[in-house]
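The values are calculated or read from the model by the stated rules, or taken from the named source; none is laboratory data. Bear in mind the structure is a predicted one, so any value in this text is a computation, not a measurement. In this analysis, Cβ positions are derived from the backbone assuming ideal geometry, glycine residues included, and neighbour counts consider all displayed protein chains. When the accessible area is computed, the model is the full protein with side chains, heavy atoms only, and any ligands, DNA or RNA have been set aside. Shrake-Rupley method; radii C 1.70, N 1.55, O 1.52, S 1.80 Å.
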Amino acid sequence: IFAYYTSLDTDITARKPLVCYTFGAPPVGKKNFAKVFRRLEDDGKIRLARFYNANDPVPNCLKVHGYIQNGQGIEMRSGGNAKFVVEDQSTCSRFVMGIYRSMKEHSPKANQRNMQINCSHLLSERSLEEVYCSQ
């Protein structure tokens, strides 16, 4: 939310977008917030990269209450094969199964391994700005 409010300051975003990275974060807004956030993305004011584990329940936990993920999702998977996610594929069943499966993926060692394997490979292929421009 801080990045959202900061991106509204035209002195900060006059020459380039504000770039924000989150890790395993829950969604912070509903439909109207998402519309305004997408407008800021379209206007080149903000770029958001949301890193999350494939089975992490937290990024999906508020979907049942109408909250929507914003920005560019980057789904990390055990053993690599990270992928950019254009549309949020979250469902209630994914949330429930994620609680069960994610226990082993939330250890500090597993998180560090996933970040090293997934992020270095994926972000070496394209920058966040290139991902936004290709949508």
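Quick one: in the range 1-10, which of the residues that are of a type in the set (Val, Ile, Thr) and open to solvent by 70 Å² or more (accessible area, probe 1.4 Å) is nearest to residue 58 (Cα to Cα)? Of everything passing the filter in the range 1-10, 1 is nearest to residue 58 (Cα to Cα). When you look at residue 13, is it of a type outside the set (D, E, K, R), open to solvent by less than 20 Å² (accessible area, probe 1.4 Å), touching a strand residue (DSSP E or B) at 6+ places or on another chain (Cβ under 8 Å) and free of Cβ contacts under 8 Å to residues at least 40 places away in the same chain, yes or no? Yes, satisfied.
Figure legend. Inter-residue proximity from the range 23-36: first residues closer than 19 Å to residue 52 by Cα, second residues surrounded by fewer than 16 Cβ atoms within 10 Å (Cβ to Cβ), beta-carbon distance below 7 Å, spacing 6+ or different chains. Indicated pairs: 28/1. Scanning the range 34-42 for residues that are at pLDDT 90 or above, open to solvent by less than 50 Å² (accessible area, probe 1.4 Å) and either outside any helix (DSSP H, G or I) or not hydrophobic (A, V, I, L, M, F, W, C) (or both) turns up at least one hit.
The set of residues in the range 16-26 that are modelled with pLDDT under 90 and either surrounded by 18 or more Cβ atoms within 10 Å (Cβ to Cβ) or in a strand (DSSP E or B) (or both) contains only 23.
Checking the range 62-83 against the condition returns a match, with at least one residue being under 17 Å from residue 133 (Cα atoms) and at pLDDT below 80. Among residues of the range 66-86 that are open to solvent by less than 40 Å² (accessible area, probe 1.4 Å) and among the polar types (S, T, N, Q), those with a beta-carbon under 8 Å from a residue that is modelled with pLDDT of 80 or more and assigned to a loop (DSSP other than H, G, I, E, B) at least six positions away or on a different chain give the pairs 69/27; 70/27; 70/28.
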